[in-house]
1. Between K119 and R141, what FRET efficiency follows from the Cβ-Cβ distance if R0 is 35 Å, with the result rounded to 0.05?
2. Could you report the accessible area of C122 in Å², rounded to 10, computed with a 1.4 Å probe on the protein chains as they sit in the structure?
Amino acid sequence: MFGSSGFNYTGNSDAFRDNGTWTQLWLVSDYHEHGSLFDYLNRYTVTVEGMIKLSLSTASGLAHLHMEIVGTQASRYLRYGAGVLGDRQPLLHGGIHEDYQLPYYDLVQSDPSVEEMRKVVCEQKLRPNIPNRWQSCEALRVMAKIMRECWYANSAARLTALRIKKTLSQLSQSEGIKM
């Protein structure tokens, strides 16, 4: 879905392992000459269109991982090469180059422990800052809304992966982005 940059979810494997007590399903992604998502985001500027494609492709994979398997009790795990963006990733919007900072960069070390993050996110209930300038672009405004709705303290109130996929699909269509 996303081409040579970022995670490219192409489908899932119909060939799975089922030994009667557990089922193993696989997501299929393309080989990426640019390395992991972490590597790519540290080296290249991401356009708003690229952000939408990357987010939609990732949401599609996550929606699949969270799909209910009727008649089976399943546990789904996601393995990936990068869960967080690199130290300083630029985002290109309308010709403006914005430097990216890791969320909570001013509150925790550059490689925080689980305990540090638990304290900041769970105890102090802090959330990353979304720049006000994102309000000037519809795509960034939608993305900011999705992000905020994923940060609710009540997990039942958070968006599902399928809801995120549908919202990003609509955004992609409204922006004229071909997937």
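1. That gives a FRET efficiency of 0.70.
2. In the full protein context, C122 sits at about 80 Å².
The values are calculated or read from the model by the stated rules, or taken from the named source; none is laboratory data. Model, not experiment: these values are computed from the prediction. So basically every Cβ, Gly included, is an ideal-geometry build from the backbone, and we count neighbours across all protein chains shown. Heavy atoms of the whole protein, side chains included, go into the accessibility calculation; ligands, DNA and RNA do not. Shrake-Rupley method; radii C 1.70, N 1.55, O 1.52, S 1.80 Å.
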